[in-house]
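The values are calculated or read from the model by the stated rules, or taken from the named source; none is laboratory data. Because the structure is a prediction, the values reported are computed rather than measured. Cβ: placed from backbone, ideal geometry, glycine included. Neighbour counts: every protein chain shown. All accessible areas refer to the heavy atoms of the entire protein, side chains included, with ligands and DNA or RNA removed. Shrake-Rupley method; radii C 1.70, N 1.55, O 1.52, S 1.80 Å.
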Amino acid sequence: DLPRDWWKSAVVYQIYPRSFADSDGDGVGDLRGIIGRLDHLADLGVDVVWLSPVYRSPQDDNGYDISDYQDVDPVFGTLADLDELIAAAHQRGLRVVMDLVVNHTSDEHDWFLESRSSTDSPRRDWYHWAPPRPGHVGGQPGAEPSNWGSFFSGSAWEWDEASGEYYLHLFSRKQPDLNWENPQVRQAVHAMMRWWLDRGVDGFRMDVINLIDKPEGYPDGPVPQDGLWGDAFSMVATRPKVHEHLQEMHREVFADHPHAFLTVGEMPGVTVDQARLFTDPARREVDMVFQFEHVDLDAGPGGKFDVAPLSMPRLRENLMAWQTGLADVGWNSLYWDNHDQPRVVSRFGDDDAVWRSRSARTLATVLHLMRGTPYVYQGEEIGMTNVGFTSPEQFRDIESVNYLREQTATGRTVEEVLPGLSAKSRDNARTPVQWTAGTHAGFTTGEPWIAVADNHTEINVESQVGVEGSVLEHYRDLIRLRHTETAVAHGDVEPLATDHPDLWAYARRHEGTELLVLAAFTREEVVLPPELVQGWADAEVLVPTSPEAARSVLADGTLPGWESVVLRRM
Ligand code: TEU
């Protein structure tokens, strides 16, 4: 039915079910809450819904620690609810992509319970087990098999007294890493994926899939300045066998499924050159990847919570490099927000009450006119901002809670740690979607698992539906433009004004159509370089962020602060 690369003109909407919509008043979002809000997605015009995990899980990492891949956790509902959601989505022309978390399972998964039961368990080598470092006593500091640190603070090795070995967990100690060298592990994953495709699912987002190939013997990693642990990431990221495993997965799972599907690999640290290999259709690995270079630019030497200043030109240079780097082979995914990132309006825009709507809409224009598949994260379409956390009790995310504990245990004060956490905590993206200005923003009739942001009284869906100039209507216009103007999905890309400090400009060209994207990343009016807009006097103005911007860009050669337009000429 659809062309194999239908996803090139598609827009994906990411739902973090825990915070999207709660139907039963327990304060946690659920599947029936999503079913009740599918019209919001259909009206927005998106093509695909990506669900963050809803599988059975102890919820140590909010569902990214899975104890049963083929069941739904009761907090979200039942398998029958999920079947109903898939059917209801398909009725609206929406495809459903599930989150595939197979770098690790929960420590409560049956596979791990068997694996840890004894050193000669048939599932022992389904995970990464290793003896204490020679000359050390297991469980004592320094006895870990290698100096690797976990993404969630502490060592990446957990001592198991009963079986006398350590097991590896790049993330929390309740997320033991699967051993992808073991063909039985790979076969079990493939079978589970086929089971979901047979259930009507249309693809997968693959969690940290570039970390699944671990180096033999787990050699120590470099210890960063002031670091407590070795950098495990540099030792495990994007090793050669990742390509092999993805090609095998493609043969075993996707090759015989006639209906079109979408695969996106989440690959922290992946480079443009590596992404060209992963997304080259001829290699049959994945359709696209989530890269992290642009969301790592504002991290200082101390890591993500050591916030470094970032200029727009550096952000522009990076994303334009990804545009040109994948222009002739492969495909980009395009995102600002997701459940792991702070809200883009506060991070790369201007969340002052006067400017936040304009900057949200201009950020959307700059991203959605690029070549690639755009991802809209829940709440991004109304311009939700960071929360403005002020106290430790407000945090729920294991990454933030562990970081605060580790940093204050090594001598820093809460006051020193809070600003970085407040700016970058993943909880900024996990407060409930703001549907209305009312109690708990219409998310739940109960007590929400995490507080609703105070500004839900000004920023909410209800106050933006149908309102000209709202963030929501702008996203709807951008998505409609991608569906109606083929140059957006298929045109080439030319970065322009690459030395301008405040103007983000680029051109798109396709079969005689030319688009010129012009965006001001400053509160000041931007005077457009005359050579840039020469010859565009008779152009059409598309998706302007205001009538004034539409007028001034052609009549005065200027763009008001934080405004953007797209010009089109044939
Ligand atoms: O994220 C992987 C990942 O790279 C992020 O954890 C990121 O490194 C971290 O937030 C620090 O910035 C995936 C999921 O998206 C995330 O929610 C999970 O916590 C993680 O994997 C483990 O499954």
Exercise for review: Determine the share of the range 471-510's accessible area contributed by carbon and sulfur atoms, expressed in whole percent, with a 1.4 angstrom probe.
Suggested key: 46 percent
Review point. Going toward the positive end of the dipole of the chain, with +1 on Lys and Arg Cβ and -1 on Asp and Glu Cβ, which of 136, 353, 375 do you reach last?
Key: 375
Exercise for review: Please work out whether the range 110-168 counts as rounded, prolate or oblate from its C-alpha gyration tensor, where a ≥ b ≥ c are the square roots of the eigenvalues and a/c under 1.5 means rounded, while otherwise a/b larger than b/c means prolate and anything else oblate?
Suggested key: oblate
Point to revise | List 214, 241, 8, ordered by accessible area with a 1.4 Å probe, largest first | key: 241, 8, 214
**Study point:** ³J(HN,Hα) computed for each position of the range 105-111 - Karplus, 6.51 cos²θ - 1.76 cosθ + 1.60, integer Hz, glycine/proline x
**Key:** 10, 6, 6, 9, 5, 3, 4
Review point. If you place +1 on the Cβ of every Lys and Arg, -1 on the Cβ of every Asp and Glu, and leave all else neutral, what size is the dipole of the chain about its Cα centre, to the nearest 20 Debye?
Key: 760 debye
Point to revise | Computed accessible area, residue 286, all protein chains, 1.4 angstrom probe, square angstrom | key: 10 Å²
Exercise for review: Would you work out what percent of the accessible area of the range 284-371, with all protein chains in place, is carbon or sulfur (probe 1.4 Å)?
Suggested key: 49 percent
**Study point:** Links that overshoot a 30 Å alpha carbon limit, given the list 214/304; 241/424; 8/174
**Key:** 241/424; 8/174
Revision key, fill the gap. Quick calc, the range 110-168, dipole around Cα centre from Cβ unit charges on Lys, Arg (+) and Asp, Glu (-), nearest 20 debye, gives 160 debye
Review point. When the Karplus curve 6.51 cos²θ - 1.76 cosθ + 1.60 is applied with θ = phi - 60°, which whole-Hz ³J(HN,Hα) does each residue of the range 333-350 get, with x for Gly and Pro?
Key: 9, 10, 8, 10, 10, 7, 6, 9, 10, x, 6, 5, 4, 7, 8, 10, x, 8
Check your understanding: Of 324, 373, which has the most accessible area with a 1.4 Å probe, and how do the rest follow in descending order?
Key -> 324, 373
Check your understanding: Between the range 210-239 and the range 252-306, how many Å separate their Cα centres?
Key -> 19 Å
Review point. Can you pull the accessible area of residue 486 for me, 1.4 Å probe, Å² to the nearest 10?
Key: 80 Å²
Practice item. Filter the GluC sites (Glu not before Pro) in the range 132-232 to those in DSSP coil with at most 11 other Cβ atoms within 10 Å of their Cβ, and list the result. Key: 161, 216
Point to revise | Length released on extending from residue 226 to residue 490, taking residue separation times 0.36 nm less the Cα-Cα span | key: 90.4 nm
Revision key, fill the gap. Per its Cα gyration tensor (rounded if a/c is under 1.5, else prolate when a/b beats b/c, else oblate), the range 389-542 is best filed as prolate
Review point. Among rounded, prolate and oblate, which fits the chain when a ≥ b ≥ c are the square roots of the eigenvalues of its C-alpha gyration tensor, a/c under 1.5 means rounded, and a/b larger than b/c means prolate?
Key: prolate
Review point. Accessible area per residue of the chain at 1.4 Å probe, in Å²?
Key: 37 Å²
Revision key, fill the gap. Output for the range 43-105: trypsin sites (Lys or Arg not before Pro) sitting in coil per DSSP, at most 15 other Cβ within 10 Å, listed by number, reads 92
**Study point:** Accessible surface of the range 110-168 [probe 1.4 Å, protein heavy atoms]: carbon and sulfur percent
**Key:** 52 percent
